[in-house]
Amino acid sequence: MKMRIPILKLKDCLIVSIQWELDDQTAISFQEDLLEKLHTTSARGVVIDLTPIDFIDSFIAKVLGDVINMSGLMGAKVVITGIQPAVAITLIELGIRLENVSTALDLENGLEKLERELEG
Amino acid sequence: MNIDSVDIVTEWDIVAARQLGRNEAKKVGFGTVDQARITTAISELARNIYLYTGKGNIAIKEVTEGNLKGLLVIASDEGPGIADVRRALEDGFTTSGGLGAGLPGVKRLMDDFKIETVVGEGTKISATKWLR
Amino acid sequence: MNKQIAGYINEHLDEILERWTIKMEDEKDDRFFQIMSEKVIDNTVREFGELVVFSLTESEEVYRVKLNDFSVKIVRYGWSVTFVLKALTNFTHVLYDKMNEDGYLNEQNIISYTEIMTNWITPLTHSIVEAYSNVWDRTVHLQKMALQELSASLIPMFDKISVMPLVGTIDTERAKLIMENLLHGVVKHRAEVVLLDITGVPVVDTMVAHHIIQAADAVRLVGAKCMLVGIRPEIAQTIVALGINLNDFTTTSTMQRGVEKALALTNRAIVEVKDK
Ligand SMILES: Nc1ncnc2c1ncn2[C@@H]1O[C@H](COP(=O)(O)OP(=O)(O)OP(=O)(O)O)[C@@H](O)[C@H]1O
Ligand SMILES: [Mg+2]
């Protein structure tokens, strides 16, 4: 059983909407798929929307952090959107601050933010 | 008393364990934030079993103490044990290139937390969240 | 002799209470006599005397009801437990002195008097203290709930800007509640900037600062920005003295400056409108 997370392209941005609970394998293949797609599309920004996700543990947090750093290396900015209050609280209590991560309330705000950052 | 448990052998069992935990937490009446805390703690404990020991078990049961209701999570394995528990509980300590956030995180996410471990025999971690 | 003592107390209640009041007024450290009106003191004292008599003469049930009413009152008036216990001791002393003076006590009945007093006063003390602490617990619980409700709501101010005023001491329990309300409020009101107003927080120590930093971090994760406003001079001093690092934070001393910054962050400003 292997699930793939769909990655959509909108202008020069990629949109990833994670719709269900991430198992470790899906998280890893998502990382690979996203980098591959960045390479083939030369997109300059990525919005990862986590609205439906109801928890993030240290493993998934690490994968996310890695994805953001790797994308940065490939010249793309990442904005994470839709982190739920319960998820934010557990992340903080886990001691995971995702310090240099850009965030926004939802997908629309995230895209706006990305546009501003890419212009500026 | 309700006891449910999941054996942890493959990566998929981690998903099964946290689903069980989430359902039990809902049943006991925990709110969304505590549900997330419990699910996350279970995920950390189950992944540690998967990563560091061959095989183990996550048991979840409802407990009461006086007027208090709570959910007890027991993660047990017959793996190598943890030689330096104090270090394993430090933020950032990892032997696997992880974030080292798991064990200290579980301690913060839950209300009660206890580790019993014997090198060469295994580890048993009990953690309880109380309903307020 | 039970009835006899009760009868005696009833008969001389006014004088006993008067003497007792004088004795209690000497307990200068208690606020009760300083802040209450004469009438309230008078009534409370009388009620206390009646309660003591009731415990000798009335049925358990009647006494219980009276005891509970009385406890509710004295907790509300702010009697301390020490004060309640002193009141009882003083009452027995006054009673003893008075009976002695009136020649009621002699060598024959002093033993049975002592016995009755002991059998009477000990359970009386217990029941009063128990009732007192029950009422006290209830009061504290209610106050705690009231404080929690009062002090942790996020108020939308402008489009995209909300404010949460914090009032009172912050402990771990409250910090968790504040964090939850803050985050749910941010998502619900779609706030992009929240102003956390700590004007009403008396002490900011490392623990409180830690909770505030965590709250701000969590706010950032859900996609908004948290600003700290209402930093009084003494708070700024403790923060620096304790070596707490709030550098990652936008902080301002007044709400007004905070609002201006929040507007700037959301690309807006308050402008004066010229007269037409
Ligand atoms: N059940 C276990 N048996 C043996 N060793 C363990 C067990 N659980 C944890 N450990 C050891 O304790 C260390 C710390 O665990 P912890 O979960 O805190 O961090 P991590 O697993 O390394 O990283 P993260 O959980 O952040 O991905 C691990 O690296 C491992 O060496
Ligand atoms: Mg771990």
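Determine the pairs where a residue that is free of Cβ contacts under 8 Å to residues at least 24 places away in the same chain, located within the stretch B:18-43, has a partner that is part of a loop (DSSP other than H, G, I, E, B) and buried (at least 20 other Cβ atoms within 10 Å of the Cβ) with Cβ atoms under 9 Å apart, the partner being 6 or more residues away or on another chain.
Close Cβ pairs satisfying both conditions: B:Arg22/A:Phe55; B:Thr32/A:Gln84; B:Gln35/A:Phe55; B:Ala36/A:Phe55; B:Ala36/A:Ile56; B:Ala36/A:Gln84; B:Thr39/A:Phe55; B:Thr39/A:Asp57.
Kindly indicate which of B:Arg47, B:Arg108 is within 12 Å of ligand 2 (Cβ to nearest atom), part of a helix (DSSP H, G or I) and not hydrophobic (A, V, I, L, M, F, W, C). First the steps, then the outcome.
On the way: B:Arg108 fails: within 12 Å of ligand 2 (Cβ to nearest atom).
Being within 12 Å of ligand 2 (Cβ to nearest atom), part of a helix (DSSP H, G or I) and not hydrophobic (A, V, I, L, M, F, W, C) holds for just one of B:Arg47, B:Arg108, which is B:Arg47.
Could you tell me which residue of the stretch B:4-17 is farthest from ligand 2 (Cβ to nearest atom), considering only residues that are touching a residue at least 24 places away in the same chain (Cβ under 8 Å), of a type outside the set (S, T, N, Q) and surrounded by fewer than 21 Cβ atoms within 10 Å (Cβ to Cβ)?
Taking the stretch B:4-17 first, the residues touching a residue at least 24 places away in the same chain (Cβ under 8 Å) are B:4-11, B:13-14, B:17.
After this cut, where a residue has to be of a type outside the set (S, T, N, Q) as well, the list is B:4, B:6-9, B:11, B:13-14, B:17.
Narrowing further to those that are surrounded by fewer than 21 Cβ atoms within 10 Å (Cβ to Cβ): B:4, B:7, B:9, B:11, B:13.
On the way: B:Asp4: 22, B:Asp7: 18, B:Val9: 17, B:Glu11: 13, B:Asp13: 15 Å.
Among residues in the stretch B:4-17 that are touching a residue at least 24 places away in the same chain (Cβ under 8 Å), of a type outside the set (S, T, N, Q) and surrounded by fewer than 21 Cβ atoms within 10 Å (Cβ to Cβ), the one farthest from ligand 2 (Cβ to nearest atom) is B:Asp4.
Looking for whichever is under 19 Å from A:Lys9 (Cα atoms), out of contact with any Cys (no Cβ under 9 Å at 6 or more places or on another chain) and at pLDDT below 95 here; the options are A:Leu98, A:Leu94, A:Leu107. Which one fits?
Details: A:Leu98 fails: under 19 Å from A:Lys9 (Cα atoms); A:Leu94 fails: under 19 Å from A:Lys9 (Cα atoms).
The match here is A:Leu107.
Output the residues belonging to the stretch C:178-208 that are within 14 Å of chain A (Cβ to nearest Cβ), surrounded by fewer than 17 Cβ atoms within 10 Å (Cβ to Cβ) and not in a helix (DSSP H, G or I). Before you say what the answer is, go through the steps one by one.
So the first thing to find is which residues in the stretch C:178-208 are within 14 Å of chain A (Cβ to nearest Cβ), and the list is C:178-194.
The next check asks that each one be surrounded by fewer than 17 Cβ atoms within 10 Å (Cβ to Cβ); those that pass are C:188, C:190.
Residue satisfying the conditions is C:Arg190 alone.
Looking at the stretch B:40-74, which of its residues are in contact with a helix residue (DSSP H, G or I) (Cβ under 9 Å, 6 or more places away or on another chain) and away from ligand 1 (no atom under 15 Å from the Cβ)?
Once the filter is applied, which keeps residues that are in contact with a helix residue (DSSP H, G or I) (Cβ under 9 Å, 6 or more places away or on another chain) and away from ligand 1 (no atom under 15 Å from the Cβ), the stretch B:40-74 yields B:Ile60, B:Lys61, B:Glu62, B:Lys69, B:Gly70, B:Leu71.
Of these, B:Gly97, B:Gly70, B:Gly54, B:Gly79, which one is part of a loop (DSSP other than H, G, I, E, B), touching a strand residue (DSSP E or B) at 6+ places or on another chain (Cβ under 6 Å) and over 22 Å from A:Ala88 (Cα atoms)? Walk me through it before giving the result.
Values: B:Gly97 fails: touching a strand residue (DSSP E or B) at 6+ places or on another chain (Cβ under 6 Å); B:Gly70 fails: part of a loop (DSSP other than H, G, I, E, B); B:Gly54 fails: touching a strand residue (DSSP E or B) at 6+ places or on another chain (Cβ under 6 Å).
Residue meeting the stated conditions: B:Gly79.
Looking at the stretch C:158-175, is at least one residue surrounded by 12 or more Cβ atoms within 10 Å (Cβ to Cβ) and part of a helix (DSSP H, G or I)?
yes
Going by the conditions given, is B:Thr123 assigned to a strand (DSSP E or B) and near ligand 1 (Cβ under 7 Å from one of its atoms)?
On the way: assigned to a strand (DSSP E or B): yes; near ligand 1 (Cβ under 7 Å from one of its atoms): yes.
It is true that B:Thr123 is assigned to a strand (DSSP E or B) and near ligand 1 (Cβ under 7 Å from one of its atoms).
Is it true that B:Ala88 is within 9 Å of ligand 1 (Cβ to nearest atom), under 19 Å from B:Glu11 (Cα atoms), away from chain A (no Cβ under 13 Å) and buried (at least 16 other Cβ atoms within 10 Å of the Cβ)?
Numbers: within 9 Å of ligand 1 (Cβ to nearest atom): yes; under 19 Å from B:Glu11 (Cα atoms): no; away from chain A (no Cβ under 13 Å): yes; buried (at least 16 other Cβ atoms within 10 Å of the Cβ): yes.
No, not satisfied.
Tally time: how many residues in the stretch B:86-98 are within 8 Å of ligand 2 (Cβ to nearest atom) and in contact with a Gly (Cβ under 9 Å, 6 or more places away or on another chain)?
Of all residues in the stretch B:86-98, those within 8 Å of ligand 2 (Cβ to nearest atom) come to B:94, B:96, B:98.
If we keep only those that are in contact with a Gly (Cβ under 9 Å, 6 or more places away or on another chain) too, we end up with B:94.
Count: 1.
Assess whether B:Gly66 counts as being small (Gly, Ala, Ser) and either within 13 Å of ligand 2 (Cβ to nearest atom) or surrounded by 13 or more Cβ atoms within 10 Å (Cβ to Cβ) (or both).
Values: small (Gly, Ala, Ser): yes; either within 13 Å of ligand 2 (Cβ to nearest atom) or surrounded by 13 or more Cβ atoms within 10 Å (Cβ to Cβ) (or both): no.
Answer is no for this residue.
The values are calculated or read from the model by the stated rules, or taken from the named source; none is laboratory data. If you're wondering where the values come from, they're calculated on a predicted model, not measured in any experiment. FYI the Cβ positions are ideal-geometry reconstructions off the backbone, even for glycines, and counts take in every protein chain you see.
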